[in-house]
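Nothing in this text is a laboratory measurement; each read-out follows from the coordinates by a stated rule. These numbers were taken from a predicted model, which means no experiment stands behind them. Note that we place each Cβ from the backbone using ideal geometry, even for glycine, and neighbour counts take in every protein chain shown.
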Amino acid sequence: MKKVLILTAGFGECHNSAARNLREALELLSEDVKVEVLDLFESTYGAVNTIAKSAYLNAAQYTPRILGGISSLLDNSRFFGGGTGLRKLKNAISDIVHEAQPDCIVSCYPVYSAVINDLYKDHSERPFRFVTVVTDSLTLNSAWYRFPSDLYCVPNAATANALKAGGVPSEKIKTLGFPVSLSYTESPAKALQTPVGDETRRLLYVISTGKKKSGKTIERLLEMHDTHLTITVGRDAELKAELADRLAKYRDRVEIIGWTNQMPRLMLSHHLIIGKAGGTLVHEAIAAQCPMIVNQVIPGQEEGNARLISDHELGAVAERNREVPDLVKEAFSHKSKLWLQWKRNLAKISRPDASLRLAELVLAECETTAPTHNPIRLFADKPLPVIPAPVVSAPKMLLCDFHIHTSYSDGKLAVSEVVDFYGRLGFDCICITDHLADPRRLIGKLARLSNMTVSENQLDEYFDVTERERKRAWRKYQMIVMTGIEFNKDGYTQKTSAHLLGVGLKAPIPSALDLPETIAQIHAQGALAIASHPHIMKSEWGKNTLYLWENHEKFAPLIDAWEIANRNNIFDCVGMKRLPFLGNSDFHKPKHIYSWKTLLYCEKNEEAIKECIRRNEHVSITLYRDTNRLATEAGMRAAAPPTPLPIPLPEEVDLAVAARSS
């Protein structure tokens, strides 16, 4: 089994993006590899790192010139090495190497090479291969190449030349492209037509910073009647609401969406992207062969990304945001002559399969280590299965959580982070259940303008993402992941409000349906309808949702199970009515893992789990606790993932058959 450790840092999304995409490619190419992505700054420096990241992001948004000074600091070799400033990082890497004995370490952030060089400066050779993945272009900080690495993987030839100028031997440089998502290798469902006549120009406007100046520019773009505009605003709910109101008269030609991880689909379906010169965005545009107009450049690393666009004529760089509409007009004038030239230039350098090529190189590097030591178990606690689908012939005790929120609504973690968090802890089955608000109700309308619920136009994306993560979860952790929704039917009072879980859904369900209709559509998909926190929540702050309980005689024949426990609450009334039950976390952030869970005694496959809940036999609940707090707020430890936590069961529960008393 090959072992690969990928090191990243949260100072700029391009580092994390490259690390995640490389991991995905490695796991796709080989079942004989264990891959771990770690941010050692986060796990080593804790609160200090959180403050530093926040300062970095604020500087990028409000005072970008300060980042130029930070870049100069990293360029100063005296900042690195054996100084006390990075001693904790050095110790952390030393511990990981000792315990993990990885075959290859991949660095997606330049500081790690300095620390590893200092760690092994007195040794003849490292006990692993070391690969540096350069995530910047052209304008390179010397920290990327000042310390030795076995190989340097760069996104383009111009960056390779910059490394050579810095003294890196050409044989150590591999020009493979930037490791973007594997989704860029897929063909779009519908090919884009060249807009040479009255065809609609589809523009993708990505707002990250400089938000106050966006409104006028967007209005000028929409003055071009042949233009359709898709605007992404990230997690800025206030901006989303403001733009929705300001652009109401253009609603037939504008779409505003919040946070999304479907950038590949958006880029492949638009003629032009407008945004700042971030490393990830620029290289994704190149992979998608989508010409780009850069409307903001942060001094330092982004200057190289902007030069990449202008020098290779892959789009244009606007000196000021107000120049963007004129550049768009120029691109599509004269039968889109300039736009077509940009497309041709992009085709010459686009490498959408860069993640796969880089993964092949890393796997080959693992072969060169030929370790003679006995391997030490690390990373995922369970070995990767080689079977394609969960097939278990005999029943077993399954640890489950069917009420989990992600960053698609009001959760703190992305879907992939939730999968890794629960997978590391040894769970057998989880269900992602983000909020979907009923737009007919005032509270639902307000929620949709915020980022507290999934948007209706994001449901297809939501199901696509959870389906992809379902496959990865089984492949890596042998954990079943279901797709679900928490349908929010909020009234003005607690007795007119209801939350209903749809567990094991196969396709989206409209949000503007009455509860009986919603339940009918859930059942039509073979999924479960679960009453969510149906009674008074005493241990948690939040609005109570009592409508289903107030009308339980009407809904009891329709609902498959009721939450008898939610977070740290117990609803005795559910048990007294002898209704079928479950216990769930209502997970929003890592500390919520310490809450009620469901134990099922059945076969480990989705249909058996759903049938066990319907019958409500061999079902029990347990409080999930960990006295050592192995799971941190970040959801992982630095040196190794936590072992599955001990799960205390009530003494009266028979471990062989945890049966519901009847």
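Brief remarks follow.
- Loop sites in segment 539-608: trypsin sites (Lys or Arg not before Pro), DSSP, at most 15 other Cβ within 10 Å: K543, K577, R578
- Translational diffusion coefficient (Stokes-Einstein; Kirkwood radius from C-alpha pairs) of segment 506-571 at 37 °C, 0.692 mPa s, in µm²/s: 254
- Checking the Cα-Cα distances for K3/K476; K506/K610; K34/K174; K489/K554; K2/K174; K240/K495 against a 19 Å cut-off, the pairs over it are K34/K174; K2/K174; K240/K495.
- Using Cβ point charges alone (K and R +1, D and E -1), the dipole size of segment 187-349 about the Cα centre works out to roughly 160 debye.
- Segment 255-295 shape via C-alpha gyration tensor axes, a/c threshold 1.5: rounded
- Of the GluC sites (Glu not before Pro) found in segment 213-315, the ones in coil according to DSSP and having at most 10 other Cβ atoms within 10 Å of their Cβ are E223.
- Two-site label geometry, D326 and E255: point separation in nm, points 7 Å out along Cα→Cβ: 3.1
- Calculated log₁₀ intensity ratio I(q)/I(0) where the Debye formula runs over C-alpha points of segment 218-345, q = 0.09, 0.14, 0.19 Å⁻¹: -0.25, -0.63, -1.19
- Tensor-based shape of segment 396-623 (alpha-carbon gyration tensor, a/c under 1.5 rounded, otherwise prolate or oblate): rounded
- DSSP-assigned coil residues among trypsin sites (Lys or Arg not before Pro) in segment 117-215, each with at most 14 further Cβ atoms within 10 Å: K121, K190
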